Every structure is written in structure tokens, then in C-alpha cells.
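Worksheet for the structure shown next.
Nothing in this text is a laboratory measurement; each read-out follows from the coordinates by a stated rule. In this text, all values refer to a predicted model and were calculated from it rather than measured experimentally. So basically every Cβ, Gly included, is an ideal-geometry build from the backbone, and we count neighbours across all protein chains shown.
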């Protein structure tokens, strides 16, 4: 596997403080998977056998119930998938599939748990990441309960632009059906909401979204760092 993959993984907060010896143990136990678009990666209700480290591509996290499915998030490199289930040894609460051709480093679950037991720095990093997962869950709940669907879309556009470096345009890496589900609305409502946001300077064509009046959109969305999780947006 490319050394750059492991350099990227090593640089993440989860692995940066781990001892070299323990990191080598995980690296040597790892298998590389190259996956096409729409490949199943994790299935809710099952116990994870591997900690999947996404190093290329993108993955949709979703849940299913009574014949319905909903997107929870779309993650990009470098991301550790199923970490809570690995550490607690429980079943997965969500499924995962690729939304683009992806490369994943599969680290055996028991090797990760053993590293957690013997490497204090790694254990602290795991605790910090799980705390951030909890914070993100609270932000998602606040977003759902305190904003309308149009406000959620506006806030998502602003947050995504901020993450991408204060750009005023977005090129979606997944289809709008996934975006609609991620924001808790039907695809037809997403189309209506995008049309509504035209009065605030938002233009949408295909997978592209352009902000032509940033101040107007900010005034409508009322970004809040406690909800959106990006400093400088409030």
C-alpha cells in the first residue's frame, strides 16, 4: 500500500500520539480494500470486524427502518469508520456504503482494542474522538429541532463553504438525493428550498451551488458555531 496512505493516517489526531511500535503492529495487520461506487462497507446490527480507515473516496453513513432509509452523514478522508462499535464491542448502529470509488485500510478490530488497552496516548485520542462524535450528535439534533428545512440547507451551504476555505461555490461529490436525506427532507423539498434561497443569492445547477450574495444568505441562515461546529461562523 502507498506510504502516503499511512503518512496521512499517522497525521490524524487519532493516531498522531500512538507509539511507533504500536502503530507498526496495526499497520502490519491491515488489509487494503479498493471499492467501487455503491459498495456496501458496514451493516447496522452487525458487529464490526475491522476499523475501516477511509483514505480515498467518500462514504455515506445511513440507517434503515421499516422500509425507509435516511442518510446520517457523508464522510471523506481521512476518517475512521465504526470506532465506537470497535471499542465497546457492540453492534453497529448505522450502515455505510461508498458514494465514489474508494480505498479503505481495514484494521482488525481486536488489534485496535489491544492497542487501546496498552497505549495510553492512543486511548486518550480515542476518548477525544468519541467525545467529538457525541458533540456532533448534539449539533445534529439541535439543527433538526431548531431550524426549518430551508434554514438547515442555508446553514449547510455556509458551513460547507467555510470548511472548503471560505469559497462561495460548492461542487457536490454526491447526488442531491443524499443531500436531501442528510438534511432531513424529501428530494422535492430540497428543490423547492433551493429555489426559495435564490432570493438570498443562491444559484444551483446540477451538482454545483453558487453563493452570489454571501451577506444576505448569512442574515437568513443565522449561522451559530454551537450548532454548525465551525469557528468564525457565528
Quick check on region 148-228: take the gyration tensor over C-alpha atoms, sort the square-rooted eigenvalues as a ≥ b ≥ c, and tell me if it's rounded (a/c under 1.5), prolate or oblate.
rounded
Give me the one-decimal nm value for the distance between modelled label points at residue 121 and residue 49, 7 Å along each residue's Cα-to-Cβ direction.
3.2 nm
With only helices counted (DSSP H, runs n ≥ 4, each -39500 (n - 2.57)), the per-residue ellipticity at 222 nm for the chain, to the nearest 500, works out to -13500 deg cm²/dmol
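Under the 0.36 nm per residue contour assumption, what length would be gained going from the current alpha-carbon distance of residue 137 and residue 203 to full extension?
That pair, residue 137 and residue 203, stretches by 20.8 nm at full extension.
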When the Cα centres of region 155-173 and region 37-85 are compared, how far apart do they sit, in Å?
23 Å
